[in-house]
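Since the structure comes first, as structure tokens, the remarks are kept for the end.
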Amino acid sequence: KKLEYATVDKIKSLPWQAGMEYAASLGDDWRLPTVDELLAKIGAGKVEYIREGYYWSSSTYDYNTNSAWIVHLWYGYVYSNGKTDVYYAWPVREIQ
């Protein structure tokens, strides 16, 4: 599958649920990426023009559903944090 990331002007700093809703509000199957999709973005070396920091994944933390996985897109750190915390939401969608 091939992903399209929203343009950087569409990156917003939001709590997790608001980020999920924001991505969906863009229509046309926009959503938050999974942890693996964010890590693949780092591996592709295509993150040089984004804001440094942590980005929400769509993935809820299995052992505490009040948390979700976040990924630092410059360093590749992966952590789970509370869904009420504020991190970047960068919507994606699958394209043909």
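General observations
- Test: residue in segment 21-35 that is open to solvent by 60 Å² or more (accessible area, probe 1.4 Å) and either hydroxyl-bearing (Ser, Thr, Tyr) or in contact with a Phe, Trp or Tyr (Cβ under 9 Å, 6 or more places away or on another chain) (or both): yes
- Selection within segment 42-71 - open to solvent by less than 60 Å² (accessible area, probe 1.4 Å) and modelled with pLDDT under 90: Ile42, Ala44, Gly45, Val47, Ile50, Gly53
- In segment 1-27, the residues that are closer than 12 Å to Val92 by Cβ and touching a residue at least 12 places away in the same chain (Cβ under 8 Å) reach residues that are of a type in the set (Val, Ile, Thr) and surrounded by 17 or more Cβ atoms within 10 Å (Cβ to Cβ) with C-beta atoms within less than 6 angstrom, at least six apart or across chains, in these pairs: Leu3/Val92; Tyr5/Val92.
The values are calculated or read from the model by the stated rules, or taken from the named source; none is laboratory data. This is a predicted model, so every value here is computed, not measured. Positions of Cβ are generated from backbone atoms using ideal geometry, with glycine treated the same way; all protein chains shown enter the neighbour counts. Accessible surface is based on the protein model in full, side chains and every heavy atom, while ligands, DNA and RNA are left aside. Shrake-Rupley method; radii C 1.70, N 1.55, O 1.52, S 1.80 Å.
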